[in-house]
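The values are calculated or read from the model by the stated rules, or taken from the named source; none is laboratory data. Computed from a predicted model, the values in this text were never measured in an experiment. Cβ sites come from the backbone with ideal geometry, for glycine too, and all protein chains shown count toward neighbours. Areas reflect the complete protein model, heavy atoms only, side chains present, ligands, DNA and RNA absent. Shrake-Rupley method; radii C 1.70, N 1.55, O 1.52, S 1.80 Å.
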Amino acid sequence: MRETGLRIRTIGESVLVNGVRQVEEVKDFHRKILSQMARLMYEVSGIGLAAPQVGLDEALIVVDIGTGLYKLVNPKIVKIEGAQSIEEGCLSVPGIGVKVKRAKKIIIEAQDEFGKNVVIEAEDLLACVFQHEIDHLNGRLIIDYLPSSERNKVIKNL
Ligand code: ZN
C-alpha cells in the first residue's frame, strides 16, 4: 500500500463513472484527503487528480501543471471561451491517449480547502486539466470522447 493510503482506481471500477455529491461543509477530513491526493499526484507524476480516482464520491480535485497547486472543492465551470485539442492521458485509463476538444479559456467557481469561495481563470493546458478533472466528478472519462466503436475497442483491450 502507498504511504498515503490512497490508491488510483482504474477503468472498470464503478466509482469512476457514478459521479459525486457536492461537499456541504469543508471539514478536516476534506483537507486531509486533498493533501493526500496532492501527494499521490506528485508521487505518480500526474498533473491532476479527482476524488473518484481515489475511490471517493465527493467533489474534490487537485491540479498542478508546474505553476502551483490548486486544491478545489465543488469546482464549477461558469464561463468558457474558444477551443483547443490536446492529447490527454489519464491515470485511471493507463496507456491510452485521446485528443479531446475542450474550451481554451475557462472561469471556475469553487471553494478552497478552507471553504472560502474562489474564482479561477485558466487557459491552455491549465484549462484543459481543470476540465478533465471536473469531467471525473461527473463520471466522464477521456474514452467517452471517442466514437463508440473505438471506445468499445479500447475497453475490450484494457
Ligand atoms: Zn483523468
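Structural remarks
- Share, in percent, of DSSP beta bridges within the chain that are antiparallel, nearest 5: 95
- Carbon and sulfur %, accessible surface of the chain computed with the full protein complex present, 1.4 Å: 48
- Spin-label model, residue 140 to residue 116: label points 7 Å out along the Cα-to-beta-carbon direction sit 3.0 nm apart.
- For segment 31-148: relative contact order, % (alpha-carbon pairs under 8 angstrom, 6 or more apart): 24
- In segment 43-120, the trypsin sites (Lys or Arg not before Pro) that fall in loop regions by DSSP, at most 12 other Cβ within 10 Å: 116
- Helical mean residue ellipticity (222 nm; -39500 (n - 2.57) per DSSP H run of 4+; nearest 500) of the chain: -8000 deg cm²/dmol
- Extending 7 Å from Cα along the Cβ direction at residue 81 and again at residue 153 yields two label points whose distance is 3.8 nm.
- For the pair residue 25 and residue 69 in one chain, pulling the backbone fully straight at 0.36 nm per residue adds 13.7 nm over the alpha carbon distance.
- Sequence of 145, 42 when ordered by accessible area, the most exposed leading, probe 1.4 angstrom: 42, 145
- Euclidean distance of C-alpha centroids, segment 28-84 and segment 110-158, integer Å: 10
- Per residue accessible area in Å² of segment 48-158, where ligands, DNA and RNA are left out and the probe is 1.4 Å: 48
- Unsatisfied cross-links (Cα-Cα over 28 Å) in the set 27/105; 101/153; 105/153; 71/105; 27/76: 27/105; 105/153
- Projecting the Cα positions of 22, 54, 115 onto the charge dipole of the chain (unit charges on Cβ atoms of Lys, Arg, Asp and Glu, taken about the Cα centre) puts 54 furthest along the positive direction.
- Phi angles across segment 129-145 convert, under the Karplus curve 6.51 cos²θ - 1.76 cosθ + 1.60 with θ = phi - 60°, into 3J(HN,Hα) values of 5, 4, 5, 4, 5, 5, 3, 4, 5, 9, x, 9, 10, 4, 5, 5, 8 Hz, Gly and Pro given as x.
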